[in-house]
Amino acid sequence: MNAHLAPLYSQHLATLCERADKAMALGGFDHLVIAAGLPLRKFLDDQDYPFTVNPHFKHWLPLTDAPGSWIVYTPGAKPKLVFVQPRDYWHVVPEAPQGYWVEHFDIVIVRDATEAVTQLPTGKRAVIAPTCPATRDVEANNPQAVVDYLHWHRSYKTPYELELMREANRIGTRAHHAAAAAFRAGESEFGIHMAYLAAARQIDAELPYASIVALNEHGAVLHYMHFNRTPPARHRSFLIDAGASAAGYGCDITRTYAMPDAGEFQALIDSMDAAQQTYAAKVRAGQSYPELHIHAHHVLAGILREHGFIRMSAESAVESGVTTAFFPHGLGHSIGVQTHDVAGFQQSERGGTVAQPDGHPYLRLTRTLEPGMVVTIEPGLYFIDMLLAELKDKPVAADIDWTKVDHFRQYGGIRIEDEVVCTDGEPENLTRDAFAQV
């Protein structure tokens, strides 16, 4: 894999240098300085939380566990990596950098974060770094003009990034297959999660986000992360939203399953799956993402009518907020070095905001799609007690079959999620392609 990545990485780095040149020119900066960051210390303790690297840092190179390290880029010069390799017998000391990317950096190895700071250039510098925890003797200014430009262009993935995202999806789909098998074998949520980790060959801290492993009615909790250790008396349904990582890039995949005796719920899953694939096919240049989100609500209204949950027209179901009670989150988001990647609302490379459509406050992406963007497509249909109780108090409640709704509460809900690349032509579905390979 590394040999294949070498030429792609060279092109990727050239693209990042070109973007950095333009970003620094906007603010009149001489240097771009990017911190890997430092781990957060637990309150009243001498232990740290698992380290999470600055996404700007891992965008430049595939190092995700180099706390205290820095990247320095000066236009016209070779990028520099100040790599912290401590003298430490308490922890595993990171190996000196190696691999397909090292030839593109001047690498300086130091022994601690304080020494690393002495290697940073003086002059007018844009310092991209977290403010908590702060880095001693370095002010993280995160200049808005620079950050806006870099975030905007990070939306357009290079061939190198796409290859890493394909790999993340291959790992994730392998683990999803193992989780589905554990569900059918009657495992608990905790047991399913362990099967997932084993198949991914990654620990929780290495995953791009905390996994959602929800059996039966737990699928109605959008961010369910409880992990019951005891299997339920009966397995009816299973919703899993879980990812995997590859060199700092993650996948974000959701699937919903039914046991063979839950045929009515399986039929609903099939309808949602077919609809989800039509949305993924619309990930094309010029497509407004908010309009795609609203379109998904109209399609959902048709599904609710088809399966006998509502008697009103699709238009009425959307306008009255009925579909929002069953589908309260957004259709998806940008993804890359972060699960919910930056610039989802950004108006241009100079900043600004594109507002969410009225009545849809949880949509995470309001831009028009362009080639190079990667987005998730994740429609849902849930039976959430709180939202259904609110819906029952509205005049439209008379056009809802509450007996049927109450029967489906035992299944929790449905979410199906793929990662899709917008290209100059047909979209590339990274997730479906990966499932087809396993």
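The values are calculated or read from the model by the stated rules, or taken from the named source; none is laboratory data. Bear in mind the structure is a predicted one, so any value in this text is a computation, not a measurement. Cβ: placed from backbone, ideal geometry, glycine included. Neighbour counts: every protein chain shown. Protein only, heavy atoms only, side chains kept; ligands, DNA and RNA dropped before computing areas. Shrake-Rupley method; radii C 1.70, N 1.55, O 1.52, S 1.80 Å.
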Practice task
Residue by residue through segment 163-202, note down the ones that are surrounded by 23 or more Cβ atoms within 10 Å (Cβ to Cβ) and of a type in the set (Asp, Glu).
Solution key: Glu189
Practice task
Report yes if Gln98 is surrounded by fewer than 19 Cβ atoms within 10 Å (Cβ to Cβ) and under 27 Å from Ala3 (Cα atoms), otherwise no.
Solution key: yes
Handout entry: segment 68-92: number of residues that are open to solvent by 30 Å² or more (accessible area, probe 1.4 Å), touching a strand residue (DSSP E or B) at 6+ places or on another chain (Cβ under 7 Å) and in a loop (DSSP other than H, G, I, E, B)
Key = 3
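Yes/no matrix, rows are residues, columns are (1) modelled with pLDDT under 95; (2) in contact with a strand residue (DSSP E or B) (Cβ under 8 Å, 6 or more places away or on another chain); (3) farther than 23 Å from Val146 by Cβ:
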| site | (1), (2), (3) |
| --- | --- |
| Ile303 | no, yes, yes |
| Glu315 | no, no, yes |
| Ala325 | no, no, yes |
| Ser334 | no, yes, no |
| His340 | no, yes, no |
| Val375 | no, yes, yes |
Exercise for the section: Within segment 109-155, work out how many residues are surrounded by fewer than 15 Cβ atoms within 10 Å (Cβ to Cβ), β-branched (Val, Ile, Thr) and within 17 Å of His31 (Cα to Cα). Expected result: 2
Handout entry: Residue list for segment 127-183, filter: basic (Lys, Arg) and farther than 24 Å from Ser69 by Cα
Key = Lys157, Arg166, Arg170, Arg174
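The rows are residues; the columns are (1) among the polar types (S, T, N, Q); (2) closer than 30 Å to Ser10 by Cβ.
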residue: Ala134; (1), (2): no, no
residue: Ser155; (1), (2): yes, yes
residue: Glu161; (1), (2): no, yes
residue: Arg174; (1), (2): no, yes
residue: Ala178; (1), (2): no, no
residue: Gly191; (1), (2): no, no
residue: Ile240; (1), (2): no, no
Practice task
Would you please name the residue that is farthest from Glu417 (Cα to Cα), looking only at residues in segment 303-342 that are without any contact (Cβ under 8 Å) to a residue 24 or more places away in the chain and open to solvent by 30 Å² or more (accessible area, probe 1.4 Å)?
Solution key: Ser313
Practice task
With the condition kept exactly as written, say whether any residue in segment 4-20 is open to solvent by 30 Å² or more (accessible area, probe 1.4 Å), over 18 Å from Glu349 (Cα atoms) and part of a loop (DSSP other than H, G, I, E, B).
Solution key: no
Problem - Given (1) in contact (Cβ under 8 Å) with a residue 12 or more places away in the chain; (2) assigned to a helix (DSSP H, G or I); (3) within 13 Å of Leu369 (Cα to Cα), index of the condition Ile294 fails - result: (3)
